[in-house]
1. How many residues does the stretch 131-159 contain that are open to solvent by 80 Å² or more (accessible area, probe 1.4 Å) and more than 30 Å from residue 30 (Cβ to Cβ)?
2. Could you give me the residue pairs with C-beta distances under 6 Å whose first residue belongs to the stretch 144-173 and is within 16 Å of residue 110 (Cβ to Cβ) and among the hydroxyl-bearing types (Ser, Thr, Tyr), whose second residue is part of a helix (DSSP H, G or I) and open to solvent by less than 100 Å² (accessible area, probe 1.4 Å) wherever it lies, and which are 6+ apart or on separate chains?
3. Across the stretch 62-79, which residue is modelled with the lowest pLDDT among those that are open to solvent by 40 Å² or more (accessible area, probe 1.4 Å) and in a strand (DSSP E or B)?
4. Any chance you could count how many residues in the stretch 33-61 are of a type in the set (D, E, K, R), assigned to a helix (DSSP H, G or I) and either touching a residue at least 60 places away in the same chain (Cβ under 8 Å) or open to solvent by 40 Å² or more (accessible area, probe 1.4 Å) (or both)?
5. Taking residue 128 and the conditions (1) surrounded by 18 or more Cβ atoms within 10 Å (Cβ to Cβ); (2) within 14 Å of the chain's Cα centre (by Cα), which numbered condition does it fall short on, given that it satisfies the others?
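The values are calculated or read from the model by the stated rules, or taken from the named source; none is laboratory data. This is a predicted model, so every value here is computed, not measured. Reconstructed Cβ throughout: ideal geometry from the backbone, glycine too, with neighbour counts over all protein chains shown. Note: accessible area is taken over every heavy atom of the protein model, side chains too, but ligands, DNA and RNA are not part of it. Shrake-Rupley method; radii C 1.70, N 1.55, O 1.52, S 1.80 Å.
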Amino acid sequence: LDREQPVLPMMPGMPERRTHSYVRHGTTSLFAALDVASGFVIGKCYKRHRAAEFLDFLKQIDAQVPHGLDIHIVMDNYATHKTAAIRTWLARRPHYHVHFTPTSASWINQVERWFAELTRKQLRRGVHTSTSQLEADIRAFIQRHNENPKPYRWTKSADDILASVKRFCQKAEQSLCHEI
């Protein structure tokens, strides 16, 4: 995105300011794979987001991951991930295990945390006047990230998360009962 006006920086007592309007100079599709054990990221930008590009990305993963390892792919239910070509390619590789996140549960997928970091640290304040400039910034971010990769860690246990969900459900149920 290219802002119609320059971003005004923070000053004492004044937050950063930017216009809501922008000029779009094109888009790109980023496929990324996160090694949850090490934090290393494999990523590649494509002009389109079709099964052909996803298959090419799977081949890139296959070429970079040491042979003999089981590969677990956690991804959303996007149709691109479920075509016959993708299913056939995966069926020939029994060491690939596919897991789909439920609708609205992409937060479970740790690569989404990495996408948020990419957005916050590289893209949100950036100005890109072309897709090639955007893709160069994404590649540079991946390279910098991989120089010192760190795995993401859950800060709460499953029991803590389930207890929080239970408390939310109880509060929601109480507020619904008061409305009736």
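1. Within the stretch 131-159, residues that are open to solvent by 80 Å² or more (accessible area, probe 1.4 Å) and more than 30 Å from residue 30 (Cβ to Cβ) number 1.
2. Cβ pairs passing all conditions: 152/110.
3. 74
4. The total comes to 2.
5. Of everything listed in (1) surrounded by 18 or more Cβ atoms within 10 Å (Cβ to Cβ); (2) within 14 Å of the chain's Cα centre (by Cα), residue 128 misses just condition (2).
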